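Enquirer: If you scroll down you'll find the structure; I have some questions about it.
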Amino acid sequence: MAMPMYVSPEQMMKDRADYARKGIARGRGAAAVTYAEGILFCAENPSATLRKVSEIYDRIAFAAVGKYNEFDALRIAGVRQADLRGYSFSREDVDARSLANWYAQILGQSFTHEMKPMEVEILVAEIGDDPAASQMFHILYDGTVVDEHDFCVLGGDAEEVAGRLGSSWEEGQALDVALRSVGSALAGPERTLTSADLEVAVLARTNGRRAFRRLERDEVTDLLAG
């Protein structure tokens with residue numbers, strides 16, 4: 001009888017992690033930063049229909065990078081999970097922390113037990129009544145949850161983008177300043193991104209109960225122009 005090839009658990013997990021990281025890094029990045037009125041989301045995404053940033057619930061948004069079919073399925077499942085919890089209990093019981101933990105369980109289960117891990121990184125963000133109450137949770141392909149503050153970068157050259165963004169971010173900055181900062185960080189020193197290259201949305205305290213709003217390209221153009 002032929003003996004099956006043995007692969008140590010450590011090597012198997014390493015191979016899965018490398019596979020997921022490489023798949024995510026091939027895509028275009030995204031970032032979220034806090035600004036005076038809430039949280040700004042900006043993704044390098046020339047498509048007008050395939051969205052990387054979406055609303056999940058009243059004051060909660062979802063951003064993701066990686067394989068579109070995988071993270072869009074997670075987005076839809078998250079909307080259903082939030083709606084079910086809000087209907088069963090109350091709208092105030094739906095929060096970013098519980099959704100982030102729920103997503104972490106799904107990604108962790110996939111990473112450990114499925115043949116192929118999901119090639120996605122997710123950000124779940126919730127706006128608070130004041131800046132200190134806002135929350136951002138970064139969920140990695142293996143289910144790891146990171147509680148982010150001030151800004152968060154997903155996919156692409158995340159470390160380099162985060163370094164550029166960290167040097168320009170300022171607390172309480174205006175929306176146009178924040179957008180130019182994120183756009184410049186995503187582009188790097190050798191490129192320039194225009195409104196046609198970017199998908200932009202905000203969670204703003206001034207928007208009422210439905211805090212999420214997607215910015216149209218004309219508005220993005222005006223903000224980038226300053």
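Enquirer: Just to be sure, is Thr144 within 15 Å of the chain's Cα centre (by Cα) and in contact (Cβ under 8 Å) with a residue 12 or more places away in the chain?
Expert: Details: within 15 Å of the chain's Cα centre (by Cα): yes; in contact (Cβ under 8 Å) with a residue 12 or more places away in the chain: yes.
Against the criterion (within 15 Å of the chain's Cα centre (by Cα) and in contact (Cβ under 8 Å) with a residue 12 or more places away in the chain), Thr144 qualifies.
Enquirer: Still on this structure, please answer the following. Anything in region 169-196 that is at negative phi, modelled with pLDDT under 90 and not charged (D, E, K, R)? List them, or say none.
Expert: Of everything in region 169-196, those that are at negative phi, modelled with pLDDT under 90 and not charged (D, E, K, R) turn out to be Trp169, Pro189.
Enquirer: Check whether at least one residue in region 75-95 is part of a strand (DSSP E or B) and either touching a Gly at 6+ places or on another chain (Cβ under 6 Å) or of a type outside the set (A, V, I, L, M, F, W, C) (or both), and report yes or no.
Expert: Taking region 75-95 first, the residues part of a strand (DSSP E or B) are none.
No, region 75-95 contains no residue that is part of a strand (DSSP E or B) and either touching a Gly at 6+ places or on another chain (Cβ under 6 Å) or of a type outside the set (A, V, I, L, M, F, W, C) (or both).
Enquirer: Now, a different point. Can you run down the residue pairs with Cβ atoms below 9 Å, 6 or more apart or on separate chains, where the first is in region 157-175 and without any contact (Cβ under 8 Å) to a residue 12 or more places away in the chain and the partner is acidic (Asp, Glu) and buried (at least 18 other Cβ atoms within 10 Å of the Cβ)?
Expert: Pairs found: none.
Enquirer: Can you run down the residue pairs with Cβ atoms below 9 Å, 6 or more apart or on separate chains, where the first is in region 16-39 and surrounded by fewer than 23 Cβ atoms within 10 Å (Cβ to Cβ) and the partner is part of a helix (DSSP H, G or I) and among the charged types (D, E, K, R)?
Expert: Arg28/Asp197; Glu37/Arg205
Enquirer: May I ask you to verify whether Asp150 is acidic (Asp, Glu) and in contact with a strand residue (DSSP E or B) (Cβ under 9 Å, 6 or more places away or on another chain)? It would help to see each step written out before you state the result.
Expert: Details: acidic (Asp, Glu): yes; in contact with a strand residue (DSSP E or B) (Cβ under 9 Å, 6 or more places away or on another chain): yes.
Here the answer is yes, as Asp150 does meet what is asked.
Enquirer: Within region 120-129, is there a residue that is surrounded by fewer than 20 Cβ atoms within 10 Å (Cβ to Cβ) and within 19 Å of Asp18 (Cα to Cα)? I'd like the intermediate steps shown before the answer.
Expert: Here is the first cut: in region 120-129, the residues surrounded by fewer than 20 Cβ atoms within 10 Å (Cβ to Cβ) are 128-129.
Filter again for within 19 Å of Asp18 (Cα to Cα), leaving none.
Checking region 120-129: not a single residue is surrounded by fewer than 20 Cβ atoms within 10 Å (Cβ to Cβ) and within 19 Å of Asp18 (Cα to Cα).
The values are calculated or read from the model by the stated rules, or taken from the named source; none is laboratory data. All values derive from a computational prediction rather than experimental measurement. Because the Cβ atoms are built from the backbone with ideal geometry, glycine has one as well, and the counts that use them run over all protein chains shown.
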